[in-house]
Every structure is written in structure tokens, then in C-alpha cells.
Amino acid sequence: MSLEPRYTDDHAAAGLDFAFPAIETWKNQFPGYEILIDDPELTSVCPKTGLPDFGVLTIRYMPRDRCLELKSLKSICSATGIWGFFQENIVEPGA
């Protein structure tokens, strides 16, 4: 058995410095409601093995001034499917 670690710090940091496309927004005209966005097919590529990872992305928020533009979110989700990211590095919990 090898004493070399299977996952290195470089693997763990994969994707953290990736320049994602900007998320566009539009002015919210009707405050006081909740928006729920589900993407049941979030994919990424494991930076260690090169194998695909599959996950679910759920965004739930109550917009104040701005709403998330879904096409720009889709372009970000598409980018994760071709680059080497751990899915934990794609999202920022609690943001």
C-alpha cells in the first residue's frame, strides 16, 4: 500500500480560482415572495479521477431588489460539467 496521499491539497482546491461567468440579475417588481430554483442534474468532473460527479442544486430565496436571471445561472451550471471541480467547491454554503 502506498504512503502517498490519494487526494492532495491541489485536488481539494480544484476549481476555487475558476472565473465563472457573471450572474445577471433583473429588477424585482413584486417583493414579498419566494423563488425556488431546482437543478436536478448538476454535473462536474472529479479532478482526481476524471469521472463525472452528479448532484442536485437547489436555490431558495426571497428577492429584495434583484432577481437571479436563469440563463446566466444555466451557463454557470454548464461550465461545471466540463471542468475539474469538487462539487463542494462549486457552491458556497450559506451564501
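Odds and ends about this structure:
- Residue selected from region 32-46 under the condition over 15 Å from the mean Cα position of the chain (by Cα) and open to solvent by less than 100 Å² (accessible area, probe 1.4 Å), by the criterion farthest from residue 8 (Cα to Cα): 32
- Region 47-68 - residue that is open to solvent by less than 100 Å² (accessible area, probe 1.4 Å) and either among the aliphatic types (A, V, I, L, M) or over 22 Å from residue 83 (Cβ atoms) (or both) and, of those, nearest to the chain's Cα centre (by Cα): 57
- Matching residues in region 56-77 - criterion: being assigned to a strand (DSSP E or B) and either under 14 Å from residue 43 (Cβ atoms) or touching a helix residue (DSSP H, G or I) at 6+ places or on another chain (Cβ under 9 Å) (or both): 56, 57, 59
- Consider region 8-31 and keep the residues that are over 15 Å from residue 79 (Cα atoms) and in a loop (DSSP other than H, G, I, E, B). The one that is least open to solvent (accessible area, probe 1.4 Å) is 28.
- Residue match in region 4-11 (condition: closer than 15 Å to residue 85 by Cα and under 12 Å from the mean Cα position of the chain (by Cα)): no
- Filter result for residue 82 (open to solvent by 90 Å² or more (accessible area, probe 1.4 Å), in a loop (DSSP other than H, G, I, E, B) and either touching a strand residue (DSSP E or B) at 6+ places or on another chain (Cβ under 7 Å) or within 25 Å of residue 10 (Cβ to Cβ) (or both)): yes
The values are calculated or read from the model by the stated rules, or taken from the named source; none is laboratory data. Keep in mind that what you see is a predicted model, and the values were worked out from it rather than measured. All Cβ positions, glycine included, derive from the backbone under ideal geometry; neighbour counts span all protein chains shown. What goes into the accessible areas is simple: the full protein's heavy atoms, side chains included, and nothing from ligands, DNA or RNA. Shrake-Rupley method; radii C 1.70, N 1.55, O 1.52, S 1.80 Å.
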